[in-house]
1. By how many degrees, 0 to 90 and rounded to 10, does the Cα axis of helix 36-48 deviate from the longest principal axis of the chain?
2. With a 1.4 Å probe and all protein chains left in place, how much of the accessible area of the chain comes from carbon and sulfur atoms, in whole percent?
3. For the chain, what ratio Rg/Rh do Cα atoms give with a Kirkwood hydrodynamic radius?
4. From the protein chains alone at 1.4 Å, what is the descending order of accessible area for Phe55, Phe33, largest first?
5. When Lys and Arg each count +1 and Asp and Glu each count -1, what net charge do the other residues less than 15 Å away from Val19, Cβ to Cβ, add up to?
6. What is the distance, in nm, between label points placed 7 Å from the Cα along the Cα-to-Cβ direction at Glu37 and at Ala56?
Amino acid sequence: MRTYIKRANGDCWSGEEWVNLNSVMGARDACDFETYEAATGHLEAALKNDTEGQFADARIVTVDD
């Protein structure tokens, strides 16, 4: 199972930048937070510091491999 922070446009958060989950090689591994709890903690922290609205439409998605 993989857990991502993802936007509606298909981009996922790698922890450093947004990358397109569907077209960037290695994005599935780079964006995988491995647990829902890890993704939730990261997203909550990002939302607190998000002055540019980069995470406004982000959500946590869990996908079976």
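1. Between the helix axis and the principal axis of the chain, the angle is about 30 degrees.
2. Carbon and sulfur: 46 percent of the exposed surface of the chain.
3. My calculation of the ratio gives 0.93.
4. Accessible-area ranking of Phe55, Phe33, largest first: Phe33, Phe55.
5. Spelling it out: positives minus negatives among the neighbours equals -1.
6. With each label point 7 Å from Cα toward Cβ, the separation is 3.3 nm.
The values are calculated or read from the model by the stated rules, or taken from the named source; none is laboratory data. Fair warning: this is a prediction, and the values are worked out from it, not measured in the lab. Backbone-built Cβ (ideal geometry, glycine too); neighbour counts: all protein chains shown. Areas reflect the complete protein model, heavy atoms only, side chains present, ligands, DNA and RNA absent. Shrake-Rupley method; radii C 1.70, N 1.55, O 1.52, S 1.80 Å.
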